[in-house]
Amino acid sequence: MKTKLFTFLTIVGICIYGYSQNKTIHFINKSAKIDGKLNELMWQKAQVFSNFNNYYPNDTGKSENKTEVRMYHDGTNLYIGVVYHDTTSKSKISTLKRDNHGDAVVSSDAFGIVLDPFNKENNGYYFTLNTGNTQVDALVDFNGTDYSFNESWNSVWYSKTGIKGTKKIYEIEIPFKALNFDINNNTWGVQFFYRDFKTNKWMTYTDMSRNFFQFDLRFTEDIIIQNLPQTNTSKFVLVPSVTYNFEKDVTKSIQESTFKPSIDAQYNITSSLRLETSINPDFSQVDVDQQVVNLTRFAINFPERRNFFLENSDLFNNLGTSGVNPFYSRIIGATTDMQFGLKLSGNISPNTRVGILSAQTKKTGGNQAQNYAVLVGRHKLSRDFTTTAYWVNRQQTNGVKFKNDYNRVFGLNLNYKSNNKLWSAQTNYGKSLSSKIESDNSFFNVEGQYNSRKTYAKGAFKTVDKNFITDVGFTPRLYNYDAINNQVIRKSYLDSYFVFQKTYYPTKSKTIDRFRYLSVVNDAFWNREGKLTEMSTVIGNSIWFKKNLSSLYFNLTHNYFNFQYGFDILNNGKPIQPDVYNTFDIKIGYNNRSSNKNLYYGTEVFYGGYFNGERRGFNSEIGYRLLPFAQLNINYSLNNINLYNLGKETFHLAQFTGEVFFSNRLNWTTYVQYNTQRNNFNINSRLQWEYKPLSYIYFVVTDNFNEQVTRTNWGIAFKVNYRFDF
């Protein structure tokens, strides 16, 4: 009898324990005061998440310092309270500037939460906060074989941090209206992480290997949202703005002043489907692009930073693969001003997402007015498979009439993610239709990836026909500029890409963190006839050290070129001639950018053949953190190219970035860039004040000089916007 009673009590105890451990974000009908103290009664009732795991640099075992996360909601907002039990009252931060992930999170003491409201592992949200109360928010998306995030996306949420003894406190309020979610799905995927920059450690709530990103949605924990709100508390957002621009072209003695009103609006049709519009938009406040030295024959792309194109951007921007992107939103408004944009995006069912975008540009000079339209549908077929269909259109317009000058691209994608999280793959098929062109217009790609702690491998193969024209996309290798005949020729090509890497983790070493003892990367291109036209093979080794997580690396590269066209890299009228070229080059570098010291630096030197000549040079970086008030960074790149009888040239690229942080809401950023390849010396200085959440005042000064530091043009922009939530 005693044995039976003991067994019964044991079973009851296990059931009670299991019930108490049920991971639920409870509904508590009381809002929290966001003050960084966590001293209100409801925090004691909130669900606690603790017992964090080591993630980096050690990804085994439980974390030494305890992290406690408490969560609840009041039907309007999601509340997160965090206590990190540190061993010191000191904290380390590198920036007070919003949305600077590299400094606000990677190089600061910070807490982060990843949300997957649909729990489909396709897209989600990323909110982080450092001990200086610096916010970073981003959209997480699956880009074919990996996860990435876009920190240019912004939303309104509230936070406050505090320090009590050695406890670091983070208090966060995220409105449900900031998130897309399904009212019929109360099980969300959630991940927490903590970054202790002082000790250079990362911790995650779920146990995951460090070869995966901490925002990988496959590693989120299923958490139930009790009494999930059935309606969105905010239906309409309106952001009017006004911009004054003054521009002066010194070389032509022309100046212009403009006064431009704009309106951005957002309407929440459901909790998961949003309609957005932008009328007469102005993007003068957007960060200046970081210049690069381009020694290839092809164009390079830059990230999208304009807010209108960012909501659900993974739907529109991840339609292709590396080097072939059917939709590249930066094309819109690149040559003429954008008059308006309209976008509908989100979920129409738990497994189906849609994106519809239309944007109109106006006629300016020789550039005709154009309408750009995109239609995307994405459906999750099963746990492992997702398919995407898309249609992209560019058509010339005359008033409200469409003219017979168009380019259309449509396609179908299939993505795969294995249940064991090690394998991923995608296949893509696309077709292009242009005015009077109806053949040789297809694109096909297949690729797969394996990613484990010790082994990484990826293989891809794609074919691109010469008439796969994407006027609103990015396909740089399709266009070959012949410097001898001064013409651009479209040529079909085939591309095979392969990566294989092996990494060793010494468990007993006090110096070496890991050693990538084998890394092979091969990228080869053929023409339609199967003739090899270009191939690059890189063999490398890398060592990461435990002290400051610095790294030392070495690469040996072999390049093969079977040139069909002239290439005037020196821009001196003496192009490299069509011929076969075989070259080797070496590169050795050291980087301690991940150091938790105030001073950080890195450098690499390279030497080797370059077509019929040689190239030598170096890249270097040095930075200093004047915590937490300022940060200074200098990059310098030198490329010395000697083509012997064709001439020689040295390209210099010097970049200075200075950031001053007056508070979390007020900062001053200055970029100075000197690029002899582009014959440009540019200064861009921006004062930004977020006087109300996502309501800004910007003052931007831009000054451009040539290589001889003679001014060519300059301008100023002053912009004010205000966000209304209805």
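Key figures for this structure:
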| quantity | calculated |
| --- | --- |
| Cβ-based exposure ranking for 607, 497, 79, in which fewest neighbours within 10 Å come first | 607, 497, 79 |
| Lysines whose Cα lies under 20 Å from that of residue 648, excluding same-chain neighbours fewer than 8 positions away | 574 |
| Between segment 541-598 and segment 394-459, the alpha-carbon center distance in angstrom | 29 Å |
| Cross-link table 363/491; 252/401; 201/380; 167/201; 62/177, entries beyond 25 Å C-alpha to C-alpha | 363/491; 252/401; 201/380; 62/177 |
| Residues residue 536 and residue 45, FRET efficiency given R0 of 60 Å [Cβ-Cβ distance, rounded to 0.05] | 0.50 |
| Length gained when the stretch residue 322-residue 37 is fully extended (0.36 nm per residue, less Cα-Cα span) | 97.9 nm |
| Inter-probe distance in nm under a simple model that places probes 7 Å from Cα toward Cβ, at residue 605 and residue 184 | 6.6 nm |
| Relative contact order of segment 25-225, pairs being alpha-carbon contacts under 8 Å that are 6 or more residues apart, as % | 26 percent |
| Percentage relative contact order, the chain, counting C-alpha pairs under 8 Å, at least six apart | 9 percent |
| Phi-based couplings in Hz for segment 660-673 (Karplus 6.51, -1.76, 1.60; Gly and Pro marked x) | 10, 10, 7, 6, 5, 9, 10, 8, 10, 10, 10, 10, 10, 10 |
| Stretch in the chain that is longest and holds no GluC sites (Glu not before Pro) that DSSP places in a loop and that have at most 12 other beta carbons within 10 Å | 1-437 |
| Packing-based exposure ordering (other Cβ within 10 Å, fewest first) of 670, 386 | 670, 386 |
| Charged-residue dipole, Cβ positions (Lys, Arg, Asp, Glu), the chain about Cα centre, Debye nearest 20 | 1360 debye |
| Filter on 160/692; 235/343; 168/198 - keep pairs with C-alpha separation over 20 Å | none |
| Between segment 625-640 and segment 324-356, the Cα center-to-center distance that results, in Å | 35 Å |
| Fewest-first ranking of 374, 521, using other Cβ atoms within 10 Å as the exposure measure | 521, 374 |
| 3J(HN,Hα) from dihedral phi, segment 471-479, Karplus parametrisation 6.51/-1.76/1.60, rounded to Hz, x for glycine, proline | 4, 10, x, 9, 9, x, 6, 6, 10 |
| Cα long-axis angle, helix 2-20 against the chain (0 to 90 degrees, to the nearest 10) | 40 degrees |
| Packing-based ranking, highest mean first, of 692-701, 327-336 given that Cβ atoms within 10 Å are counted | 327-336, 692-701 |
| Label-point separation in nm, residue 499 to residue 636, each point 7 Å along Cα→Cβ | 3.1 nm |
| Inter-label distance, nm, simple model (7 Å from Cα along the C-beta direction), residue 511/residue 622 | 2.6 nm |
| Reach of residue 508 by Cα under 16 Å, taken over aspartates and glutamates that are not fewer than 8 positions away in the same chain | 59 |
| Euclidean distance between Cα centres, segment 253-311 to segment 662-726, Å | 14 Å |
| Net length gained if the chain between residue 270 and residue 711 were fully extended (0.36 nm per residue, minus Cα distance) | 153.6 nm |
| Nearest-0.05 FRET efficiency for residue 348 and residue 725, computed from C-beta distance (R0 22 Å) | 0.35 |
| Computed over the chain, Kirkwood Rh from alpha-carbon pairs, angstrom | 28.1 Å |
| Length-normalised contact order of segment 162-244 in % [C-alpha pairs under 8 Å, at least 6 apart] | 32 percent |
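Here, each number is a calculation from the coordinates, and none is a lab measurement. Computed from a prediction, not measured in an experiment: that's the story for all the values here. We place every Cβ from the backbone using ideal geometry, glycine too, and count neighbours over all the protein chains shown.
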